[in-house]
Amino acid sequence: MDELRGKVVLVTGASRGMGLAITRTLGSAGARLIVVSRHLQDLRRAAARVPGVEMTFPADVTRPRDVARLFVAVRRRFRGLDVLVNNAGVFTYKPFPRTTEADWRRNIETNLTSLFLMTRAALPLLARRHGHLVNILSISSREAFANCSAYTASKFGALGLTRVLREELRPLGVRVTAILPGSTNTRLKDAFDFPVRGSDLIQPEDVAAVVLGALTRPPRTMVEEIILMPSRGKL
Ligand SMILES: NC(=O)c1ccc[n+]([C@@H]2O[C@H](COP(=O)([O-])OP(=O)(O)OC[C@H]3O[C@@H](n4cnc5c(N)ncnc54)[C@H](OP(=O)(O)O)[C@@H]3O)[C@@H](O)[C@H]2O)c1
């Protein structure tokens, strides 16, 4: 499988969980990786275990200034970008009356506004390479679960934005894929207030395999949206 060899791929939230699994899978397939998350030490530790990392860049994807700095560095070093994986995300599990304004803003800014900022900055570089945008969304982009109001609002919004982008970027030859996983065995599941058995969930490398599959379809086809759920069903 050589489709990804030499391709420049940026993954946000790459220090752990799904982002780390995605970088491992794409790096093993020959991609040249740019990895991004907020905490440099965690990011460096993760990058040391991944083949193909060429740039380790600490940035908060909710901050316009960080995003601008990141893309100055990417443009200077790589000139273009083949794939952007918007994966960084947060999750709040609380009944609506206990959801604070800070919870609300954190979810909206990290899970939705970051897609606006990152995609807007990446677009000229992606268009130059007829690239591919992959947004890691959630089953909560389509279905409502109790105690997830801020997260669900952000992920529904993110799916709407992704669908509009797909139509607007089609004429530029940029493909847009949304991945909607159900509960996955990462640190994010610690937010639940009930016991969860990690082995019953999707594993991060299962999501990474789906991302790889979407990226390696021939340019004439586009994987638009994939729902990946645990075989046992919803939590
Ligand atoms: N786990 C699930 O059950 C599940 C299900 C469906 C969808 N998802 C989605 O999958 C994606 C990845 O989640 P995960 O489960 O892998 O979570 P995770 O294990 O908590 O990892 C989140 C990653 O995002 C980074 N991050 C968080 N806020 C950031 C910010 N403002 N700027 C830059 N990086 C930031 C974190 O690093 P730093 O903290 O160092 O920044 C970390 O690398 C999210 O979009 C999530 O909504 C998860």
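Bear in mind that the values in this text are calculations on the coordinates, not laboratory data. This one's a predicted model, so the numbers in the text were calculated from it and none came from an experiment. Cβ sites come from the backbone with ideal geometry, for glycine too, and all protein chains shown count toward neighbours.
Count the net charge of all other residues whose Cβ sits under 13 Å from the Cβ of LEU159, scoring Lys and Arg as +1 and Asp and Glu as -1. Mind dumping the intermediate values first?
Details: positive: ARG142, LYS155, ARG163, ARG166; negative: GLU143, GLU224, GLU225.
It works out to a net charge of +1.
Within 10 Å of each candidate Cβ there may be at most 10 other Cβ atoms; applying that plus a DSSP loop requirement, which trypsin sites (Lys or Arg not before Pro) in segment 201-235 survive? Before the final figure, lay out each step's value.
Values: sites: ARG220, ARG232, LYS234; in loops: ARG220, ARG232, LYS234.
Listed in order of number, the matching sites are ARG220, LYS234.
Under a Cβ-only charge scheme (Lys and Arg +1, Asp and Glu -1), can you give me the dipole magnitude of the chain about the Cα centre, in debye to the nearest 20?
Numbers: 36 positive and 20 negative charges, 134 e Å.
Magnitude of the dipole: close to 640 debye.
Please compute the net charge surrounding MET18, taking Lys and Arg as +1 and Asp and Glu as -1 over other residues with Cβ under 13 Å from its Cβ.
+2
Please enumerate, by chain and number, the lysines with C-alpha under 20 Å from the C-alpha of LYS94, excluding those fewer than 8 residues away in the same chain.
Result set, ordered by chain and number: LYS155, LYS189, LYS234.
Pick from ALA146, ALA59, ALA73 the residue whose mean-square fluctuation is largest in a GNM of the chain, springs joining Cα atoms under 10 Å.
ALA146
Please give the net charge around SER37, taking every other residue with its beta carbon less than 10 angstrom from that of SER37, where Lys and Arg add +1 and Asp and Glu add -1.
Net charge around SER37: 0.
Can you find, among GLN41, THR23, MET55, the residue sitting farthest towards the positive end of the charge dipole of the chain, where Lys and Arg contribute +1 and Asp and Glu -1 at Cβ?
Going by the charge dipole, the pick is MET55.
Taking 8 Å as the Cα distance limit and 6 or more residues as the minimum spacing, I'd like the relative contact order of the chain as a percentage. Before the final figure, lay out each step's value.
Details: 452 pairs, mean separation 45.9, N = 235.
RCO, the chain: 20 percent.
In segment 1-72, if every C-alpha pair distance is counted and binned at 10 Å from zero, what percent goes to each bin?
23, 53, 22, 2
Along the charge dipole of segment 8-228, pointing to its positive end and built from +1/-1 on Cβ of Lys, Arg, Asp and Glu, which listed residue (PRO195, VAL67, LEU112) has its Cα farthest out?
Working it through, the farthest residue towards the positive pole turns out to be VAL67.
How many nm separate the modelled label positions at ARG44 and ARG217, each set 7 Å beyond the Cα in the direction of the Cβ?
Between ARG44 and ARG217, the simple spin-label model gives 4.0 nm.
Any idea how far the Cα center of segment 119-159 sits from the one of segment 1-70, in Å?
Each part's Cα centre sits 18 Å from the other's.
Assign one of three labels to the chain, namely rounded, prolate or oblate, based on the Cα gyration tensor with a ≥ b ≥ c the square roots of its eigenvalues; rounded applies when a/c is under 1.5, prolate when it is not and a/b is larger than b/c, and oblate otherwise.
The shape class here is rounded.
For the chain, which DSSP H helices look membrane-span-like by this rule: Cα extent along the axis of 20 Å or more and mean Kyte-Doolittle of at least 0.0?
For the chain, where a helix must reach 20 Å along its axis and average at least 0.0, the hits are 114-128, 149-169.
I'd like the Karplus ³J(HN,Hα) series for segment 130-143: coefficients 6.51, -1.76, 1.60, θ = phi - 60°, whole numbers in Hz, and an x wherever there's a Gly or Pro.
6, x, 9, 9, 10, 9, 8, 9, 6, 4, 6, 7, 10, 10
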